[in-house]
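The values are calculated or read from the model by the stated rules, or taken from the named source; none is laboratory data. Since the model is a prediction, treat every value here as computed from it, not as a measurement. In this analysis, Cβ positions are derived from the backbone assuming ideal geometry, glycine residues included, and neighbour counts consider all displayed protein chains. Ligands, DNA and RNA are stripped out before the accessible areas are found, and what is left, the full protein with its side chains, is counted by its heavy atoms. Shrake-Rupley method; radii C 1.70, N 1.55, O 1.52, S 1.80 Å.
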Amino acid sequence: MTDRIFTGVVWLGAGVMTALFLWLLGDLLWQGSSHLSGSFLLSDPADSGRSGGIASILVSTLLILAVALMAAIPLGLMSAVWLTEYTRRDSTLGAAVRLSLDVLAGVPSIVFGLFGNAFFSVYLGLGFSIVSGGLTLACMILPIFIRTSEAGLSAVSDDWRRNAAALGMSRASVLWHVLLPAAAPAVASSIMLGVGRATAETAALIFTSGYVDRMPTSLFDSGRALAVHIYDLSMNVTGGDRAAYASALVLIVLIVAINTGALALSDRWLARKVTFS
């Protein structure tokens, strides 16, 4: 009886979450699909976003995400590997780093925005630019990315490490051919969580990447991200609701596409697991 109740509660929770997502997606499709077209994706905004499209917004968003992921993934993986493979489990330094990451994961995005503006935009002289926005998002992604990747690496059995060492494999080979492929699902999950937070970010990007809706010509140009554009259309532009819904629909599709790509790469990397060569 208890097992049936527990199973029912689990299925109920899953059903509620699925229903909420379908409700959200259905509302976006109902409100925004009529405004969505090829010209909407390929033309720049006009009349404060009421007409035209989101070409420049979409390019700015992709560039900001690219900068964020290119900065966060290598640094995050190195940090996760250091915490897992190069520090003892009872290390005081390791515990301090983990606590710092947990605290940073809960810091409001507006604080990251103020930090990014003060450090990247002002101190480093990058101004309101795609680089400033991307690096700020990287700082936001890193805590979750590192902790999730660390959990995946820690879950790999120590027997695999000992077996690889017994075969004479170097530490780098063990890491590349055994540990990282085995932890690929956790790494992919951390990327998806990071992308989800980064693409939905508004406050931090207003202070760093800026508000300009023109097509960027370099990474040092200001650029408006999709989330900022949706916020502006919804809150500041009268008659911009249809464009906001269509932009939100594009944002959902973008997140799904990136997550699907991350899962595909994870499956491909997972297939290399335990090659010991």
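The table for this structure:
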item	result
Pairs, first closer than 13 Å to SER154 by Cβ in the range 76-88, second open to solvent by 20 Å² or more (accessible area, probe 1.4 Å), C-beta under 6 Å, six or more apart	THR84/SER154
From the options LEU167, LEU142, LEU114, LEU124, residue that is within 15 Å of ALA198 (Cβ to Cβ) and out of contact with any Lys or Arg (no Cβ under 7 Å at 6 or more places or on another chain)	LEU142
Whichever residue in the range 218-241 is of a type in the set (A, V, I, L, M) and in a loop (DSSP other than H, G, I, E, B) and, among such residues, is most open to solvent (accessible area, probe 1.4 Å)	LEU219
Single match in ARG197, ARG162 (criterion: in contact with a helix residue (DSSP H, G or I) (Cβ under 7 Å, 6 or more places away or on another chain), assigned to a helix (DSSP H, G or I), charged (D, E, K, R) and over 22 Å from SER51 (Cβ atoms))	ARG197
Neighbours by Cβ (under 6 Å, 6+ apart or cross-chain): first from the range 181-197, within 14 Å of SER154 (Cβ to Cβ); second open to solvent by 30 Å² or more (accessible area, probe 1.4 Å) and of a type in the set (Lys, Arg)	ALA182/LYS273
Check on MET78, open to solvent by 70 Å² or more (accessible area, probe 1.4 Å), assigned to a helix (DSSP H, G or I) and within 27 Å of GLY133 (Cα to Cα)	yes
Scope the range 171-184; condition crowded, with 17+ Cβ neighbours inside 10 Å and under 20 Å from ALA264 (Cα atoms); matching residues	HIS177, VAL178, LEU179, LEU180, PRO181, ALA182, ALA183, ALA184
Members of the range 34-53 found to be under 26 Å from the mean Cα position of the chain (by Cα), within 11 Å of LEU249 (Cβ to Cβ) and open to solvent by less than 60 Å² (accessible area, probe 1.4 Å), listed by number	PHE40
Residue satisfying all of: in the range 153-164; in contact (Cβ under 8 Å) with a residue 40 or more places away in the chain and within 22 Å of GLY94 (Cβ to Cβ); surrounded by the most Cβ atoms within 10 Å (Cβ to Cβ) among these	LEU153
Qualifying residues in the range 186-217 (those that are of a type in the set (A, V, I, L, M) and within 16 Å of VAL67 (Cβ to Cβ)) - the one surrounded by the fewest Cβ atoms within 10 Å (Cβ to Cβ)	VAL195
Members of the range 4-37 found to be in contact (Cβ under 8 Å) with a residue 60 or more places away in the chain and small (Gly, Ala, Ser), listed by number	GLY32, SER33, SER34
